[in-house]
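Trainee: Here you go, one structure.
Each value in this text was obtained by applying a stated rule to the coordinates, not by laboratory testing. Please read all numbers here as calculations on a predicted model, not as lab measurements. For neighbour counting, all protein chains shown are included, and Cβ atoms are generated from backbone atoms with ideal geometry for every residue, glycine included.
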Amino acid sequence: MAKRKVCVVITARPSYSRIRSALFAIRNHPDLELQIVSAASMLLDRYGQAVNHLEQDGFKIDARVYMVLEGENLVTSAKTTGLGLIELATTFDNLRPDMVVTIADRYETIATAIAAAYMNIPLVHMQGGEVTGSIDEKVRHAITKLADIHLVTTQKSSERVVRMGEDPGRVFVTGCPSIDIADEVMRNPGEVIDPFERYGGVGATVDLSNGYLVVMQHPVTTEYADGREQITETLHAIKDLGLPTLWFWPNVDAGSDGVSKGIRSFREMEGPTNIHFFKDIPPLDFLRMINRSRCIIGNSSVAIRECSYLGVPAVNIGSREAGRERGPNVIDVGYDRNAIMGAISKHLNGSRPTRVTLYGDGHAGERIADVLATEELSYSKRLTY
């Protein structure tokens, strides 16, 4: 019997972390053939060309889809989704996969889902059933209704997908592959690297020997016009604390242009001597840096997912992650510099949070490959090539 061709579409740097261990497992599975489509911000230099991390890990890129329109606003987000739908339909027609895997809740993700669904290619959705703020939740639930197989991270997520009317036999609690990376970090912390020498970045070369903070704050699509004001509060809080800080660039979303301008303006006007800014770092080194940090601040899901497993203190700012299941490592605050400083100080003066396995146990990739190899596909639905 021919191997199943599994086409995984990766559109953003966090999506690679969410699928990395599964890619290895799919590639190594005797009954599966891996196809990788790299698209959207994965290909853009201003977001670190995260596609390079894929190739450095030994993966072959079967197709590259350029689909991001300049502007990072609501109009360009909608148009990028439409362009992605057009380009991905052609890509799937060329690759002729047996199934398409799409990840999480971004606008590029729903373009992937619509293209596969209309071409009658069985769609596999990862991370459905979760609850968060902004438009991401609407997108995530819409993809659930387009998908044929659901790979969810928690039992509660599974229950939500079933309540949406999906067949319980098609819903699998695999855990999140990003926890597999966190588990690798726990088992093998690796060498202490010099991130400035290895990954460059801009800003002060801060002393990391006595501990440091990590910041990753993205725009909120439903509050995109407030992105610059919101990031300025965080910037002031971090500068005023005076602790060495590694700051990572935001995702490409509506409002990211305002957030980026806010960071650049603050850097030029305030000249913080305790902050160094990076575009991107590969997933394994990124988590190693976070694991050694004293606290992570912002609104990235990594603070809630991977850091709950690692036991890294987290200060979650604003509404972007509202409703997401979380462990004891998270303190929630609003967009207020004093509240942010207070929450960070509370973590720094307390004990390391208890580690929890809410989002997985380190074996998600293997489970995902097994599901993809064995689950019955609705071949009658597929496009006849």
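Trainee: In cubic angstrom, how much convex hull volume per residue do the alpha carbon atoms of the chain span?
Mentor: Cα convex hull per residue, to the nearest whole number: 123 Å³.
Trainee: Report the charge-dipole magnitude of the chain in Debye, nearest 20, computed about the Cα centre from +1 at each Lys and Arg Cβ and -1 at each Asp and Glu Cβ.
Mentor: On the way: 42 positive and 48 negative charges, 50 e Å.
Rounded to the nearest 20 debye, it is 240 debye.
Trainee: Compare the peptides 186-195, 128-137, 237-246, 170-179 by average per-residue count of other Cβ atoms within 10 angstrom and give them in order, highest first.
Mentor: The packing order, highest mean first, is 170-179, 128-137, 237-246, 186-195.
Trainee: If you take the beta carbon distance between Glu197 and Asn28 as r and set R0 to 30 Å, what does 1/(1 + (r/R0)^6) give as a FRET efficiency, to the nearest 0.05? All intermediate terms of the calculation are to be shown ahead of the outcome.
Mentor: Details: r = 33 Å, r/R0 = 1.10.
Between Glu197 and Asn28 the formula returns 0.35.
Trainee: At R0 = 51 Å, how high is the FRET efficiency between Asp93 and Asp207 if r is their beta carbon distance? Nearest 0.05 is fine.
Mentor: It comes out at approximately 0.40.
Trainee: Of the options Pro250, Val173, His236, report the single residue whose Cα projects farthest towards the positive end of the charge dipole of the stretch 126-277 (beta-carbon charges: Lys, Arg +1; Asp, Glu -1).
Mentor: Val173
Trainee: In addition: Step through the residues of the stretch 56-70 one at a time and calculate ³J(HN,Hα) from phi using the Karplus curve (6.51 cos²θ - 1.76 cosθ + 1.60, θ = phi - 60°), rounding each to whole Hz and writing x for Gly and Pro.
Mentor: 5, 7, x, 8, 8, 8, 7, 7, 10, 10, 8, 8, 8, 8, 5
Trainee: Compute the length gained on full extension between Glu270 and Asp240: take 0.36 nm times their separation in residues and subtract their Cα-Cα distance, giving the result in nm to one decimal.
Mentor: Extra length available between Glu270 and Asp240 comes to 9.7 nm.
Trainee: Which entries in Lys239/Lys346; Lys239/Lys261; Lys261/Lys346; Lys138/Lys279 show an alpha-carbon gap greater than 20 Å? Display every interim value, and only then the final one.
Mentor: Numbers: Lys239/Lys346 17 Å; Lys239/Lys261 17 Å; Lys261/Lys346 30 Å; Lys138/Lys279 28 Å.
Among Lys239/Lys346; Lys239/Lys261; Lys261/Lys346; Lys138/Lys279, the Cα-Cα distance tops 20 Å for Lys261/Lys346; Lys138/Lys279.
Trainee: Under 1.5 on a/c is rounded, so check that first for the stretch 189-348, then, if it is not, pick prolate when a/b is larger than b/c and oblate when it is not; a ≥ b ≥ c are the square roots of the alpha carbon gyration tensor eigenvalues.
Mentor: rounded
Trainee: Moving on to the next point. Could you tell me which of rounded, prolate or oblate describes the stretch 95-175, using a ≥ b ≥ c as the square roots of the eigenvalues of the alpha-carbon gyration tensor, with rounded for a/c under 1.5 and, failing that, prolate when a/b is larger than b/c and oblate otherwise? Don't skip to the answer; put the middle values down first.
Mentor: On the way: a/c = 1.89, a/b = 1.28, b/c = 1.48.
The shape class here is oblate.
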